[in-house]
Each structure stands twice: as C-alpha cells, then as structure tokens.
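My structure is below; once you've seen it, I'll send some questions.
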Amino acid sequence: MEIKASLNQLRMSPRKARLVADMVRGMKTDKALDQLRFGNKKAGLPILKLVESAIANAVNNYELDQDNLYIKSIMINEGATLKRWTPKAHGRATTVRKRSCHIHLTLAELKDSGKKTAKNVKIDAPVKLEDLVKATDEPTPKKVKPAKKISKDSEEVAAEIVDPRMEGRHGHTKIEGGSSKGFTGKIFRRKSG
C-alpha cells in the first residue's frame, strides 16, 4: 500500500531541496527522520514535517505500522518563480528570481500488510446557513416606510428618515434626519433627479 503526501509552493529553490531529498530517498522512515533532524541543510525542516505528516496519515487513516514504512519516492518539482528587480550600475536593473518548489512524497510498506482501504471515519459536515435559517422561526424584519412629520414652527413638511436595518453605518449610530440644521439636513433636503 502506498501513502502519499505533498507540499506545494515551498519558498526554496528546487535545487537546494533536491540535495536533502536525495539523502533520504529509499530509507526507512525512522532513519530518514534522524537524518533530516540532524542534517545541516535548511530544506531538512520542511521535508521532515512532510515525512511526519505522511507517517501520521499512514498510522491514523490506514492503521499501518510506523516501523514497516520506507520512503518509496520523493520528487521535487519546480514551482512558480517570483520575479523581483535589483538596481545595478549605470541605471540598469537586473532580475532576481525567487524560486519555489513542490514536493511529492510516497511511502510504502516493507512487508505487505494486506490492507487496501482507509478506515471509515465519519466526519460531521459543517452546518449550512440555510439550515440555520430554517431552524429559527423568527420572521424576517420588514422595511419601514418613511413617515411624514410636520414641524411645529412652520408648515414645512419634512420626511423622517428611518433606516430599514434599524442601525446606522456599520452598526455604530442611527441615522438622524429631518432637521434643517447641519450637514445632514442639507443632504436630506435635496431632491434627486
């Protein structure tokens, strides 16, 4: 049985990562973990985490023995290259290529255990928004029509502005209107069109 794990967009050049991958290819997992832990290369840490992740997948999902696993293949492919610029003499600029790589790891068993499928694990799906809306029997709020208000001082009729959500901008303050004073009075007194 084969167990696969992959790491995408590692911000390291594939050439540097291949040096570490070549050291552990074909090794048993316990020896490979020791080699990666005590190696002197920077690419050792991400590859170590990837191997540990693949071992955890094998033990938890397929119920395989950790001591019976070895690294069957480890491939490092080139990922996206970020292009940056650096200034040079006489007003020139040259490119700096910041490379990335994809690592694909495959573990296999030394002695075949006969297990072919993953164990069945039920995972509860997250609750959908529609289910929550159906569960609550509260009616949806209705929009309030603006009411007409007569000022005491004059016969002028001004429309009272009511926010349909019953809240102001981003829920901070309620919209006030209908007064002839201040900036809001000037805005809401204008007629559109």
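Please verify whether L19 is more than 28 Å from the chain's Cα centre (by Cα) and under 28 Å from K83 (Cα atoms), treating the condition exactly as stated. Steps first, answer last, please.
Working: more than 28 Å from the chain's Cα centre (by Cα): yes; under 28 Å from K83 (Cα atoms): yes.
Taking the combined requirement at face value, the residue satisfies it.
Looking at the range 1-101, what strands (runs of 3 or more DSSP E) fall wholly within it and have at least 3 residues that are under 30 Å from K116 (Cβ atoms)? Step through it out loud before you land on a result.
Working: elements: 2-10, 69-78, 82-87, 93-98.
Of the strands (runs of 3 or more DSSP E) lying wholly inside the range 1-101, those with at least 3 residues that are under 30 Å from K116 (Cβ atoms) span 2-10, 69-78.
Taking the condition loosely packed, with under 14 Cβ neighbours inside 10 Å and either modelled with pLDDT under 95 or among the hydrophobic types (A, V, I, L, M, F, W, C) (or both), does A89 pass? Steps first, please.
Numbers: loosely packed, with under 14 Cβ neighbours inside 10 Å: yes; either modelled with pLDDT under 95 or among the hydrophobic types (A, V, I, L, M, F, W, C) (or both): yes.
Yes, satisfied.
Ok, one more. Identify, please: which residue in the range 93-140 is at pLDDT below 70, over 30 Å from V59 (Cβ atoms) and of a type in the set (A, V, I, L, M) and is, among those, farthest from the chain's Cα centre (by Cα)?
For the range 93-140, the residue satisfying everything is A135.
For the range 1-24, how many residues meet the condition of being under 21 Å from L64 (Cα atoms) and surrounded by 16 or more Cβ atoms within 10 Å (Cβ to Cβ)? Full working, then the answer.
So in the range 1-24, the residues under 21 Å from L64 (Cα atoms) come out as 1-6, 24.
Then drop every residue that is not surrounded by 16 or more Cβ atoms within 10 Å (Cβ to Cβ), which leaves 1, 3, 5, 24.
Summing the residues that are under 21 Å from L64 (Cα atoms) and surrounded by 16 or more Cβ atoms within 10 Å (Cβ to Cβ) in the range 1-24 gives 4.
Could you list, ordered by first residue, the pairs with Cβ atoms under 9 Å in which the first is in the range 85-113 and on the phi > 0 side of the Ramachandran plot and not assigned by TED's automatic domain parsing to the domain that holds E52 and the second is exposed (fewer than 10 other Cβ atoms within 10 Å of the Cβ) and not β-branched (V, I, T), at least 6 apart or interchain?
none
The values are calculated or read from the model by the stated rules, or taken from the named source; none is laboratory data. Since the model is a prediction, treat every value here as computed from it, not as a measurement. When we count neighbours, we look across all protein chains shown, and the Cβ atoms used for this are built from the backbone with ideal geometry, even at glycine.
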